Amino acid sequence: MKVMMTVNGKTVERDVEPRTLLVHFLRDHLGLTGTNIGCDTSQCGACTVHMNGMAVKSCTTLAVQADGAEITTIEGLARNGELHPMQQAFWENHGLQCGYCTPGMIMAAVKLVENNPNPTDEEIRHGLEGNLCRCTGYENIVRAVKQAAEAM
């Protein structure tokens, strides 16, 4: 099947098998490897991207479901060489250790703050429940999201 979508501001068109997952389309067809594959069951959130303005888990979304969609990956957040405020806040607050969960965590956090510009610590923790981190203990992630919320 042929799919066409806008990914990080650029229109792309490719032939895909109907069973191709969006995460594999992004990584294998477009070379956007910032979107990670963690569990293939939608449990960890490492594959979170924005699709039509919503945070979605690309490991449980078919590429054909994204036909005609607007997709933003972690690679598309930065503008003109400047990190997105959430990316910058994760950097400054050490909101990562191994970094595997970080792209999905940042993508989920951006949507969290867009929907709730002044979240409490509890709201941040609840809003990121679908994204697992095995390294940080989450304290620095919460700090990063709070700092980014102020900047956004």
Among 116, 8, which is touching a Gly at 6+ places or on another chain (Cβ under 6 Å) and either surrounded by 14 or more Cβ atoms within 10 Å (Cβ to Cβ) or of a type outside the set (Ser, Thr, Tyr) (or both)?
8
Scan the stretch 129-142 residue by residue and report those that are surrounded by 15 or more Cβ atoms within 10 Å (Cβ to Cβ) and without any contact (Cβ under 8 Å) to a residue 24 or more places away in the chain.
138, 142
Taking the condition among the charged types (D, E, K, R), over 14 Å from the mean Cα position of the chain (by Cα) and in a loop (DSSP other than H, G, I, E, B), does residue 125 pass?
no
Going by the structure shown, is residue 130 in a loop (DSSP other than H, G, I, E, B) and assigned by TED's automatic domain parsing to the domain that holds residue 17?
no
Residues that are free of Cβ contacts under 8 Å to residues at least 12 places away in the same chain and closer than 15 Å to residue 50 by Cβ, drawn from the stretch 65-112:
78, 79
Can you confirm whether residue 3 is touching a residue at least 40 places away in the same chain (Cβ under 8 Å), crowded, with 21+ Cβ neighbours inside 10 Å and farther than 25 Å from residue 141 by Cα?
yes
Scanning the stretch 88-97 for residues that are in contact with a helix residue (DSSP H, G or I) (Cβ under 7 Å, 6 or more places away or on another chain) and either part of a loop (DSSP other than H, G, I, E, B) or in the same structural domain as residue 9 (by TED's automatic domain parsing) (or both), which turns out farthest from residue 146 (Cα to Cα)?
96
Which condition number does residue 8 fail, the rest of (1) modelled with pLDDT under 95; (2) on the phi > 0 side of the Ramachandran plot being met?
(1)
Of the residues 137, 127, which is of a type in the set (Gly, Ala, Ser), more than 18 Å from residue 78 (Cβ to Cβ) and at pLDDT below 95?
137
If we ask which residues in the stretch 63-79 are part of a helix (DSSP H, G or I) and modelled with pLDDT under 95, their number turns out to be 0
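The values are calculated or read from the model by the stated rules, or taken from the named source; none is laboratory data. What you see is a predicted model, and the numbers here were worked out from it, not measured in a lab. Glycine gets a Cβ as well: all are built from the backbone with ideal geometry, and neighbour counts include every protein chain shown.
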